[in-house]
Amino acid sequence: MALLASCSPTSEPQAPPHLEFSEPTLDLDTLREGQIEVRNTGGQTVGPVELLVSAIRDADGSTVPGPTLTIDPQEIATLGAGEARTLGVSISVQGSLMPGEYDAAITARGGSQTSAQVAVRFVVLDDPGSVAASVEILATQSTARLGDVVALAVEARNANGTVLQGVPVSWSVEPSSAGHLGLSGQFVAYRTGNVALVARAGVASDTLQLEVRERGLSGSFNVVGRAQEVQRYTSDLWLHGTVAYSGTWSGRTVGTSVNYGNTLNVWDISDPSSPRKAFSLEIDARSLNDTKVRADGTLAIITHERSSDGLNGITLLDLADPLAPTVIGRFTSELETGVHNVWIDGDYAYVVVDGSGKGLRILDISDPTLPRIVASYWAGSSSLHDVYVREGLAFLSHWNAGLVILDVGYGIAGGTPEAPVEVSRLEELGGQTHNAWYWPEAGYVFVGEEDFGTPGVMHVVDVRNLREPREVATFGVPGQAPHNFWLDEATGTLYMAWYAEGLRALDVTGDLLGELDQQDREIAGLRYNGGSGLCNRPSTDTCSWAPQLHNGLVWVSDMNEGLIALEPVR
């Protein structure tokens, strides 16, 4: 009996819960009603399952006033392994909708364990037989600040007083330069003063008088400390605890010598007013473009470009002593052409490989002494420049292929880190898509376009429906292109390194629409070292590479000087 007991099979561990919708897109019927199933395809119970509904958007990507998406039930207490629940979905409409296609999204979220999303679509057909006898703008407000999106629902009625749907309504603003108007009556002002918003359907019309006031923002930056590196150009930075890590880039002429970007600098920032260089590590590279520290502070990865042995790759560092990292090892397989950027998410490293056709490599680094490639991805054209991973989604800045979103564990497309699945992509971003920051709470991605000729701008992409990302706003600074960003999500302040134009702080609260640089949303901008507008030259001119908010200060890596610690003042 003892022998039989010892030979009995052990039970298999149960797979974690996994939420899925029965289809990726739900097209509602003419009554704007439908049903969809949400399933737990995992091996364990999940609950409660929160059901989140996004705003409804028109074909322009703008939030539409008037219609509301409702689901029944609004929450699922528990969903057992293998169980499914049917959700009733309906759209209610206040006022009139223009003819066209509309979409929204439902997200099922089982805490931090699993998430899934379904796109919801419906169509409003043009009704050429309906004639509007009256039009009314359904709005109670008479004032707005610069930058606030005023979403104006409209109600068109026939001669019998019946509310009409599918009647084309055109919008105009007087004066015409006063702001931006969306397709469905969304307005954002570019100037203060009195404006008139006019809705027309045939011969019927209505006018809303609106007083636009200043946004009332003010702010500045105080320079708190400097960590000088004038022997090499400084590249990206990462801060953890009381330590800052910064890379170096390309070749800098100092006297008769050229010093290449082969060095990781480690700074003690326990006293931000007097940061000191504690350690330097040289590697085989001419550009150490990127440095990342894992969230637990035990591991860092630095990148190699233009190594003398032609193998490039990444170096993994042990941070047992954060001020004196030690080399665990170098990994080069399939990374030989060079690594430009990297992101660490738990036991996985997302590695950006230089060159068209190379794309992304995902490494299992659970044993950092033996990294191994578990997946790869390339968009099919152009090169990959950067990657940002959050909540099971990877946002790829894929240069001229645009912004690409991968499911690497979120659940929307069944992807995992070892089997990523493309969710969507947005190519219409002007090319040279350089960097991205995803803000889940607001449903926006802030994307940098590193075009020095146009010059490039910051693009705001609405991803509340992850399957259909849409650009809704931009921000630009004359004469320069943006580089890297950092978002203070608690205050809705986006910090942007803008090369020779220094650090910019932008208010990105609320709905975003149109040209943000015309909306009084910039809180502060600082060229902390002044300058002629030249970067990576033998000078001390301002040349901002990347910001990071850390313990209340914004640290900026400056190509010409090193690190600058700035205190944001509001």
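Extent of the stretch 19-123 along each principal axis, from alpha carbon coordinates, in Å, largest to smallest?
45, 24, 20
Residues of the stretch 484-503 with backbone nitrogen within less than 18 Å of a virtual label 7 Å along the Cα-to-Cβ line of residue 534, please, listed as ranges.
Under cut-off, by backbone N: 499-502.
If each of residue 207 and residue 419 carries a label point 7 Å out from its Cα toward its Cβ, how far apart are those two points in nm?
In this crude spin-label approximation the distance works out to 6.2 nm.
Be a star and scan the stretch 289-307 for residues whose amide nitrogen sits under 18 Å from the point 7 Å along the Cα-to-Cβ vector of residue 369.
The answer is 298-300.
So what's the Cα pair-distance distribution over the stretch 220-569, bin width 20 Å, in %?
Taking every Cα pair in the stretch 220-569, the percentages come to 32, 62, 6.
Using a 7 Å offset from the Cα along the Cα-to-Cβ direction at both residue 35 and residue 140, what is the distance between the two label points in nm, to one decimal?
So the two model labels end up 3.8 nm from each other.
If I take R0 = 25 Å and measure r between the Cβ atoms of residue 391 and residue 280 in this structure, what FRET efficiency does the formula 1/(1 + (r/R0)^6) give, to the nearest 0.05?
Numbers: r = 35 Å, r/R0 = 1.41.
Result of the calculation: an efficiency of 0.10.
Once you place label points 7 Å from the Cα toward the Cβ at residue 441 and residue 347, how far apart are they in nm?
About 3.1 nm separates the two model spin labels.
Based on the Cα coordinates of the stretch 322-367, what is the per residue volume of their convex hull in Å³?
Numbers: hull volume 4.4 nm³, N = 46.
So the per-residue hull volume is 97 Å³.
Quantify how much of the Cα-Cα distance distribution of the stretch 406-472 extends past 17 Å, in percent.
Numbers: 1044 of 2211 pairs.
Taking all Cα-Cα pairs of the stretch 406-472, the fraction more than 17 Å apart is 47 percent.
Which residues does the label zone of residue 123 cover in the stretch 82-104, counting backbone N under 18 Å from a point 7 Å along Cα→Cβ?
91, 97-104
Could you tell me the extents of the stretch 430-570's C-alpha atoms along the three principal axes, largest first, rounded to whole Å?
Its Cα atoms span 46, 35, 24 Å along the three principal axes.
Quick one: Kirkwood hydrodynamic radius for the stretch 207-325, alpha-carbon pairs, angstrom, one decimal?
Kirkwood radius, the stretch 207-325: 16.2 Å.
So for the stretch 71-221, considering every pair of alpha-carbon atoms, how many percent are separated by more than 24 Å?
Value for the stretch 71-221: 52 percent of Cα pairs lie more than 24 Å apart.
Counting pairs of alpha carbon atoms under 8 Å apart in space and at least six apart in sequence, what relative contact order in percent does the stretch 301-364 give? Mind dumping the intermediate values first?
Working: 130 pairs, mean separation 16.9, N = 64.
The normalised contact order for the stretch 301-364 reaches 26 percent.
Please list log₁₀ I(q)/I(0) at q = 0.27 Å⁻¹ for the stretch 134-213, using the Debye equation with identical point scatterers on the alpha-carbon positions.
-1.32
So which GluC sites (Glu not before Pro) in the stretch 207-290 pass both tests, a DSSP loop state and at most 14 other Cβ atoms within 10 Å of the Cβ?
Values: sites: 211, 214, 229, 282; in loops: 214, 229.
Here the GluC sites (Glu not before Pro) that fit, given the DSSP loop and packing criteria, are 214.
Can you pull the Kirkwood radius for the stretch 242-300, inverse mean 1/r over Cα pairs, to one decimal in Å? Mind showing how you got there, number by number?
Numbers: mean 1/r = 0.0793 Å⁻¹.
Hydrodynamic radius (Kirkwood, Cα pairs) of the stretch 242-300 is 12.6 Å.
Throughout, read-outs are computed from the coordinates displayed, never taken from laboratory work. Because the structure is predicted, anything quoted here is derived from the model rather than measured. Cβ: placed from backbone, ideal geometry, glycine included. Neighbour counts: every protein chain shown.
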